[in-house]
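Take a look at the structure below.
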Amino acid sequence: MKRLATGLLLLAFMVGPAAAETRFWAYDAADRVTQALTQGITIEIRRNFFGAVSVQRLFSTTARGSAEIRRGGPRETRAALPAGVRANDVYGIVKEGDGRGLVRALCPGADDAWLLTGRIRQGDPITLHAVGRWTDGTYRHCVTLSYTYRGEWTLPEGAAPQPDETSPSAR
């Protein structure tokens, strides 16, 4: 019985990476603040074998530009959130290419910025909280961005997404 359980567990770990998939979900701004800053976004998500979703990149839906984001960040980002907000997933904005401009737009004057969100599910609206870290080491909540789900982008069979050649991040 132990051998069977061990074998199934090993098989699940081997199949997990192979069954992972990349998808692109588009969202429209749900309020005036979000509309003024980003209008709409598309997120590149990676769904693993067990259905867990992690965000890989963030694209502007209405303009050219994208920013890489990486999962994880300091615990101080959660402490900077307004009272009552529950956002457990922390993503650091990589300050390369368009990421630097995104940090400046979301948290003017901050050295670094993170996006915090709750669980992301296809079809549901999402809320992103931008938190910045200033030179003096303090973390502050910058802005709340609210989006409604618009739909999923489909890529041709076997096609991999390519960076936008006119985007500063592709230069």
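Coordinate-derived values only; no laboratory data. On a predicted model such as this, the values are computed, not experimentally measured, just so you know. Because the Cβ atoms are built from the backbone with ideal geometry, glycine has one as well, and the counts that use them run over all protein chains shown.
Please work out how much length the chain gains when fully extended from F49 to T135, using 0.36 nm per residue of separation minus the C-alpha to C-alpha distance, in nm with one decimal.
Extending this stretch completely gives an extra 26.9 nm.
Please report, in cubic angstrom per residue, the volume enclosed by the convex hull of the alpha-carbon atoms of region 40-88.
Roughly 122 Å³ of hull volume per residue.
Simple spin-label model, 7 Å along Cα-to-Cβ: R104 to E76 in nm?
Result: 2.4 nm between the two label points.
Gain in length, T62 to R119, computed as 0.36 nm per residue apart minus the alpha-carbon separation, to one decimal in nm?
18.1 nm
Taking 30 Å as R0, compute the FRET efficiency from the Cβ-Cβ separation of V33 and T154 and round it to 0.05.
It comes to 0.50.
Which of V33, V53, V103 has the fewest other C-beta atoms within 10 Å, and how do the rest follow up to the most?
The fewest-first ordering by Cβ neighbours comes to V33, V53, V103.
Which value in nm describes the separation of the simple spin-label points at T127 and T22, placed 7 Å from the Cα toward the beta carbon?
Going by the 7 Å Cα→Cβ label model, 3.1 nm.
For region 105-110, in order, what is each residue's ³J(HN,Hα) by Karplus, 6.51 cos²θ - 1.76 cosθ + 1.60 with θ = phi - 60°, in whole Hz (x at glycine and Pro)?
5, 7, 9, x, x, 7
For G65, enumerate residues with amide H under 5 Å from its amide H, sequence gap 5+ or separate chain, H modeled in the peptide plane.
Distant-sequence amide H within range of G65: S60.
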